[in-house]
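Beneath this line is the structure, given in structure tokens, with notes to follow.
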Amino acid sequence: MRTRLPWAAYGVLATLAGVGLAHLAAALTDPATSPVLAVGSAVVDLTPAPAKEWAIRQFGSADKAVLVGSVLAGVLVLAAVAGLVARRRPPAGAAALLGLVLVAAAAVVGRPEAGVADLLPALVAAVAGPCALLLLARAHRGAAGTSATGTGRRTLLLTAAALGATAAVGGLAGRVVASLRARPEEVALPAPVDAAPALPRGLDDQVPGITPFRTANADFYRVDTRLDVPVVSTDDWTLTVDGDVARKVTLTFDDLLAMPLVERDITLTCVSNSVGGPYVGGARWLGVRLTDVLDLAGIAGTSADQLLSTDVDGMTISTPLALATDGRDALLAVGMNGEPLPREHGFPVRMVVPGLYGFVSATKWLSRLTLTTYAEREAYWTARGWATDAPIKIAARIDTPRALAQLAAGDVVVGGVAWAQERGGIDKVQVRIDGGPWRDAQLGPDGGDDYWRQWFLRWPATPGSHRIAVRAVAGNGEPQPAVRAEPFPDGASGLHELIVTVA
Ligand SMILES: Nc1nc2c(c(=O)[nH]1)N[C@H]1C(S)=C(S)[C@@H](COP(=O)(O)O)O[C@H]1N2
Ligand SMILES: [Mo]
């Protein structure tokens, strides 16, 4: 065991050095080509939908960190095995490590928009990792037989230290370089030609525990298939509109900003959100109308029924063309709550289409819009069995009190938010205590039909255990669906109910 342990460590060290250098090479060229991320992304892609939903539910926004961590741990175990192989036969250990890198390279090439140049980081790792292992094996042999203070030992320690430093510097430098290439804070956004009215004061101060009327960028939920956040520089960014259009057009970021910008308050919702869940947020979006951009390419005679959007790494999202162009405020957004889009939320440009769940509308890090048909092209989620036509379901959520809260008898304020985008907004929210009558809640200010609405109801709570339920009715008269449904395949439904104890 004693004699084996160092070899396992050599395998790990050699791998970390190779990965560190590859990460740096990726940051200098294209961060998405980093082998760690490519392998992780491939794992995400190969993970069946139910497992992915489970991960999102278990770990929330940390699901990616957990995944990257598991991938890294798995890789390091294999690296340790390669090190053990090298104990008897160094070339065989180096070959095993090379095999590991080749798997990573396959993951990089497997990315939809991969080019040959994207293999550079994997190539760096393929050379650096095995070489590092051979170096360590040689130094180990040199150290064997010499005294604890001999030059052989010193060489081994120096080699190990140098490789450790390479891993650390490569990894860190990679991060720094990546964040220098894309800087949302340096983007100056023009003023909108069509500004949204001042957002009314919400119930934030009046109802403790209620969801803020506007979600701050830092608090906005994040759901995507990405492990890292794409690094896109506005200098390199372009948007291509192609497929069944009169003429293919390509816009630069400046071209887009030169078009008329509008500002809209829109509540975004994720199809993975369970009843009462957190994947919903309200923000003020600044962007160009989607139809203005499509008109540049000319879509009058198109036979397309699908607007297929592609992100900078080839991830695809489908949107029903008829809905995206039916007059609703579909935007190519560049701003969020008065700031350039944060990198997590799609910098520099994302789609926002009111009334459709994010997975069929809200493409972040947008790079291409293709007019096509559902028969011809299948987007990422469609291939995984999710619905293509997925309007956001009417929903109401109780924010306060929390489930299983212990309350004092007397005046309790029940409050929350409700949304009914593209259905005339929220007309009514009703609360029911223990199977009693449905009582109308008081609504907060109106932020527009595509924005959520806060609500509250004063409840004289009596001692005992109580069940609180909520339901909403949309402005077009449609009631919230009460039938229970899981998020898959087109969004959860059912009333949000919770139990509290009053003493
Ligand atoms: N490029 C890209 N865009 C994406 C996704 C993604 O995985 N990749 N996820 C979508 C989903 S499922 C949702 S709900 C919204 C979430 O947007 P947010 O993270 O800004 O809240 O982004 C959408 N846009
Ligand atoms: Mo989503």
statement: Lys248 and Leu123 label points (each 7 Å along its Cα→Cβ direction) are spaced in nm at 2.7 nm
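Quick one: with all protein chains in place, what share of the accessible area of the chain is carbon or sulfur, to the nearest percent (1.4 Å probe)?
The computed percentage sits at 59.
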task: Name the aspartates and glutamates eligible as straight-distance cross-link partners of Lys248: C-alpha to C-alpha under 18 Å, and not fewer than 8 places from it in the same chain.
output: Asp292, Asp295, Asp305, Asp311
Most to least packed among 125-131, 18-24 [average Cβ atoms within 10 Å]: 18-24, 125-131
- request: Using R₀ = 35 Å, calculate the FRET efficiency as 1/(1 + (r/R₀)^6) where r is the Cβ-Cβ separation of Asp440 and Glu185; round to 0.05.
  value: 0.20
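Are there any helices in the chain, counted as whole DSSP H runs, that stretch 18 Å or more along their axis by Cα and score at least 1.6 on average by Kyte-Doolittle, and if so which?
The answer, listed by residue number, is 90-109.
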query: So which chymotrypsin sites (Phe, Trp or Tyr not before Pro) in segment 428-503 pass both tests, a DSSP loop state and at most 16 other Cβ atoms within 10 Å of the Cβ?
result: Trp438
task: Keeping all protein chains in place, calculate the accessible area per residue for the chain (probe 1.4 angstrom), answer in Å².
output: 43 Å²
- request: Send over the per residue convex hull volume for the chain, Cα only, as a whole number of Å³.
  value: 178 Å³
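The values are calculated or read from the model by the stated rules, or taken from the named source; none is laboratory data. Small disclaimer: the values here were computed from a predicted structure and weren't measured. Here the Cβ is made from the backbone with ideal geometry for all residues, glycine too, and neighbour counts use every protein chain on show. Areas reflect the complete protein model, heavy atoms only, side chains present, ligands, DNA and RNA absent. Shrake-Rupley method; radii C 1.70, N 1.55, O 1.52, S 1.80 Å.
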